[in-house]
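One structure below.
Every number in this text was worked out from the coordinates using simple rules, so none of it is lab data. Just so you know, these numbers come straight off a predicted model, no measurement behind them. Here the Cβ positions follow ideal geometry from the backbone for every residue, glycine too, while neighbour counts run over all protein chains shown.
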Amino acid sequence: DTGVSQNPRHKITKRGQNVTFRCDPISEHNRLYWYRQTLGQGPEFLTYFQNEAQLEKSRLLSDRFSAERPKGSFSTLEIQRTEQGDSAMYLCASSFTLSGEQYFGPGTRLTVT
Amino acid sequence: AQTVTQSQPEMSVQEAETVTLSCTYDTSESDYYLFWYKQPPSRQMILVIRQEAYKQQNATENRFSVNFQKAAKSFSLKISDSQLGDAAMYFCARYGSSNTGKLIFGQGTTLQVKP
């Protein structure tokens, strides 16, 4: 399968714990995006990488959130000291060009208890 | 504000019939891209169709077509000959005003297809 993959698919954690998600984009795509989607809503942009450089971060991305993309390949999104309000689906997408189609992964569903 | 609005939370259509999903957006730019994405239950989001604002011709992809009204900032999706597999949540989206290609999504419309 050469699509965008995300791991884990589901994560249940207790409030206050740290969690890390991984996204593997399509191999030739140098643009990578993270979005957050709550139930019944559209995805909201979190952050964007072009190669290894993080070029934009949403105000939604508080200081408890950090994302990396070492070597411009896979990306990780870490949430520290999770809160119940962090419960959502975290989506990763990648694209080859600026205006090109963004291909989405299956998402990681986070539940904070 | 760069917003995308879908005013129909839910729609239903009889199999083989036609349905139109509405979307309006706000932008101060003259050139931009608009998209419709489909998200089936528990499955990943896929692109249905996209429209470049500088093109006057409405985009079509098989049974899917759009009605793009640039002056009215309206971008509706028409699904012809609806199939059971079309049942999903549909999101209208546009690129944000930055040069990053980030997408701004509407709230979504859940489409039910009745056999």
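Here are the numbers for this structure:
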item: Sequence of A:Arg69, B:Arg43, A:Arg59 once ranked by neighbouring C-beta atoms within 10 Å, starting from the fewest; result: A:Arg59, B:Arg43, A:Arg69
item: A:Arg109 long-range amide H proximity, modeled H, under 5 Å; result: A:His10, A:Lys11, A:Tyr90
item: Spatial separation of Cα centroids for region A:1-17 and region B:38-75, in angstrom; result: 30 Å
item: Choice from A:Gln54, A:Gln17, A:Gln80 with maximal GNM fluctuation in chain A (Cα, 10 Å cutoff); result: A:Gln17
item: Exposed-site-free run, longest, chain B (rule: GluC sites (Glu not before Pro); DSSP loop; at most 16 other C-beta within 10 Å); result: B:30-115
item: When each of A:Lys57/B:Lys78; A:Lys11/B:Lys38; A:Lys71/B:Lys38; B:Lys73/B:Lys102; B:Lys38/B:Lys114 is checked by Cα-Cα distance, pairs over 27 Å; result: A:Lys57/B:Lys78; A:Lys71/B:Lys38
item: Residue-by-residue Karplus 3J(HN,Hα) for region A:16-29, coefficients 6.51, -1.76, 1.60, Hz, glycine and proline x; result: x, 7, 9, 9, 9, 10, 10, 10, 10, x, 4, 4, 8, 8
item: Summed residue charge, Cβ within 15 Å of A:Ile12's Cβ, Lys/Arg positive, Asp/Glu negative; result: +3
item: Cα-based equivalent ellipsoid, the protein assembly as shown: semi-axes from gyration tensor eigenvalues, Å; result: 30, 20, 16
item: For region A:82-93, Karplus couplings with θ = phi - 60° (6.51, -1.76, 1.60), whole Hz, Gly/Pro x; result: 4, 10, 4, x, 7, 4, 4, 9, 9, 9, 10, 9
item: All-pairs Cα distance distribution in chain A, expressed in whole percent, bin size 10 Å; result: 15, 51, 29, 5
item: Evaluated at q = 0.15, 0.18, 0.20 Å⁻¹: base-10 log I(q)/I(0), Debye formula over Cα of chain B; result: -0.61, -0.86, -1.05
